[in-house]
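Here's the structure we're looking at; comments come further down.
The values are calculated or read from the model by the stated rules, or taken from the named source; none is laboratory data. Worth saying up front: this structure is predicted, and the values here are computed from it rather than measured. Positions of Cβ are generated from backbone atoms using ideal geometry, with glycine treated the same way; all protein chains shown enter the neighbour counts. To get the accessible areas, we keep the full protein, side chains included, count just its heavy atoms, and leave off ligands, DNA and RNA. Shrake-Rupley method; radii C 1.70, N 1.55, O 1.52, S 1.80 Å.
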Amino acid sequence: MRAILIGFGRAGRRHGTALDKPGIEWAIVETNDSLFLPPTCKFAFPDIEDAIRFTNGLDFAIIATPPSLHLAQIKTCLDAGLPVL
């Protein structure tokens, strides 16, 4: 399975740890330039649209950003036909 994790703050890191356990291939969407990528994360993208274009065949997205951003991010994913958790 392939996933994108949108947001890599405290909540995003917890979700990333959970994604490692079943062996899911995943990338993150995060604008933080000083971001440290965990070894199991393949890519980091600055925005959702870039991640969706670059990583064809995604199975789902996880939203792990502040709640005020959720609606727009969910809409972007659903408009691209990407299920959201």
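Some observations on this one:
- Filter pass, Leu5 being in a helix (DSSP H, G or I), under 12 Å from the mean Cα position of the chain (by Cα) and without any contact (Cβ under 8 Å) to a residue 60 or more places away in the chain: no
- Taking every residue in the stretch 66-85 that is closer than 14 Å to Gly9 by Cβ and pairing it with any residue that is outside any helix (DSSP H, G or I) and aromatic (Phe, Trp, Tyr), at least 6 positions away or on another chain, yields no pair with a Cβ-Cβ distance below 9 Å.
- Applying the criterion of being part of a loop (DSSP other than H, G, I, E, B) and at pLDDT below 85 to the residues of the stretch 36-46, the residue that is farthest from Arg2 (Cα to Cα) is Phe36.
- Test: residue in the stretch 47-64 that is of a type in the set (Lys, Arg) and not in a helix (DSSP H, G or I): no
- Restricting attention to the stretch 10-35, the residues being modelled with pLDDT of 85 or more, open to solvent by 30 Å² or more (accessible area, probe 1.4 Å) and part of a loop (DSSP other than H, G, I, E, B) number 0.
- Residue list for the stretch 54-67, filter: within 18 Å of Leu78 (Cα to Cα) and modelled with pLDDT of 85 or more: Leu58, Asp59, Phe60, Ala61, Ile62, Ile63, Ala64, Thr65, Pro67
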